[in-house]
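Note sheet for the following structure.
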Amino acid sequence: MLACNFGDLENEIKMVNNSKANWFHIDVMDGVFVPNISFGTPIMNVLKKYAKKPLDVHLMIVNPDKYLEKFAELGSEVLTVHIEACTHLHRTVQKIKSLNMKAGVAINPHTPVSSLESIITEVDLVCVMSVNPGFGGQSFIDSTYQKVKDLKLLIEKYKSKALIEIDGGVNSENATKLTEQGADVLVAGSFVFKSDNPTNTISTLSTLIN
């Protein structure tokens with residue numbers, strides 16, 4: 001939703017409701033962990049009011065533990081924190097689960113998959129950043145394909161039930177290859193909202209990955 005038209009947010013939400021998209025992906029940025037600011041409580045309240053599909057909330061913020069209860073109250077069904085921002089990741093993941101949300105962990109492009117080994121059986125989702133976080137519209141980083149493949153092997157090794165989510169630069173040219181490598185969830189922002197017909201674009205992506 002970072003790439004949507006904020007001046008027409010209600011209709012943008014309704015478009016996603018009526019599309020073949022499965023979730024709303026909400027990027028929350030604090031201007032500290034990443035060089036941008038987005039989606040405060042007022043926007044989350046609008047999403048909670050109009051969205052008819054699960055809210056997949058991605059916290060790109062420092063000190064995420066301070067806000068876990070708030071995002072539970074705001075209707076988050078999946079709450080993802082960055083491994084790079086969590087001093088006590090296991091504690092954070094357990095707290096998210098205790099608030100009746102699914103727990104996700106995100107990793108930046110420079111962070112190795114191996115860093116997830118001790119937590120992989122505890123999480124419901126791993127968000128692999130395929131661009132450097134902070135801004136929409138960036139180009140996909142090609143090394144992501146191998147990273148997804150390695151992550152899939154790690155998940156299988158430990159018999160984890162974690163989904164693999166790809167965030168950044170997703171489009172019709174890389175969607176199929178990503179799913180072939182093991183991706184389960186694809187986040188598409190600019191590719192959808194900057195297209196001439198976002199509903200059709202979502203349908204096209206859905207066809208490519210199913």
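Of the set (1) at pLDDT below 95; (2) crowded, with 16+ Cβ neighbours inside 10 Å, all apply to Ile164 but (1). The condition of being farther than 28 Å from Gly7 by Cβ and modelled with pLDDT under 95 holds for Glu173.
Of all residues in the stretch 79-115, exactly one satisfies the criterion of being buried (at least 19 other Cβ atoms within 10 Å of the Cβ) and over 17 Å from Pro64 (Cβ atoms), namely Val113. Just one of the listed residues (Lys20, Lys14, Lys70) is assigned to a loop (DSSP other than H, G, I, E, B), among the charged types (D, E, K, R) and surrounded by fewer than 19 Cβ atoms within 10 Å (Cβ to Cβ), namely Lys20. Within the stretch 40-67, the set of residues being in a loop (DSSP other than H, G, I, E, B) and within 14 Å of the chain's Cα centre (by Cα) comprises Pro54, Ile61. Note on the stretch 141-164: among residues that are assigned to a loop (DSSP other than H, G, I, E, B) and not β-branched (Val, Ile, Thr), the one that is nearest to Phe191 (Cα to Cα) is Asp142.
Within the option set Pro64, Pro54, being under 24 Å from Ile155 (Cα atoms) and in contact (Cβ under 8 Å) with a residue 12 or more places away in the chain holds for one residue only, Pro54. For the stretch 122-140, enumerate the residues that are assigned to a loop (DSSP other than H, G, I, E, B), under 25 Å from Lys177 (Cα atoms) and modelled with pLDDT of 95 or more. Residues satisfying the conditions are Val123, Asp124. Within the stretch 1-23, residues that are over 14 Å from Lys194 (Cβ atoms) have Cβ atoms under 6 Å from residues that are surrounded by fewer than 16 Cβ atoms within 10 Å (Cβ to Cβ) and of a type in the set (D, E, K, R) in these pairs: Asn17/Lys52; Trp23/Lys53, counting only partners at least 6 apart in sequence or on another chain.
Report yes if some residue within the stretch 165-175 is in contact (Cβ under 8 Å) with a residue 24 or more places away in the chain, touching an Asp or Glu at 6+ places or on another chain (Cβ under 6 Å), closer than 23 Å to Val62 by Cα and not in a loop (DSSP other than H, G, I, E, B); otherwise report no. Looking for residues that are in contact (Cβ under 8 Å) with a residue 24 or more places away in the chain, touching an Asp or Glu at 6+ places or on another chain (Cβ under 6 Å), closer than 23 Å to Val62 by Cα and not in a loop (DSSP other than H, G, I, E, B), one finds none in the stretch 165-175, hence no. Yes or no: the stretch 184-207 includes at least one residue that is β-branched (Val, Ile, Thr), assigned to a loop (DSSP other than H, G, I, E, B), within 21 Å of Ile83 (Cβ to Cβ) and touching a residue at least 24 places away in the same chain (Cβ under 8 Å). The answer is no, given that none of the residues of the stretch 184-207 is β-branched (Val, Ile, Thr), assigned to a loop (DSSP other than H, G, I, E, B), within 21 Å of Ile83 (Cβ to Cβ) and touching a residue at least 24 places away in the same chain (Cβ under 8 Å).
Of the residues Ile37, Ile43, which single one is farther than 26 Å from Ile119 by Cβ and without any contact (Cβ under 8 Å) to a residue 12 or more places away in the chain? Among Ile37, Ile43, only Ile37 is farther than 26 Å from Ile119 by Cβ and without any contact (Cβ under 8 Å) to a residue 12 or more places away in the chain.
The values are calculated or read from the model by the stated rules, or taken from the named source; none is laboratory data. All values derive from a computational prediction rather than experimental measurement. Quick reminder, even Gly has a Cβ in these numbers, built from the backbone with ideal geometry, and neighbours come from all protein chains shown.
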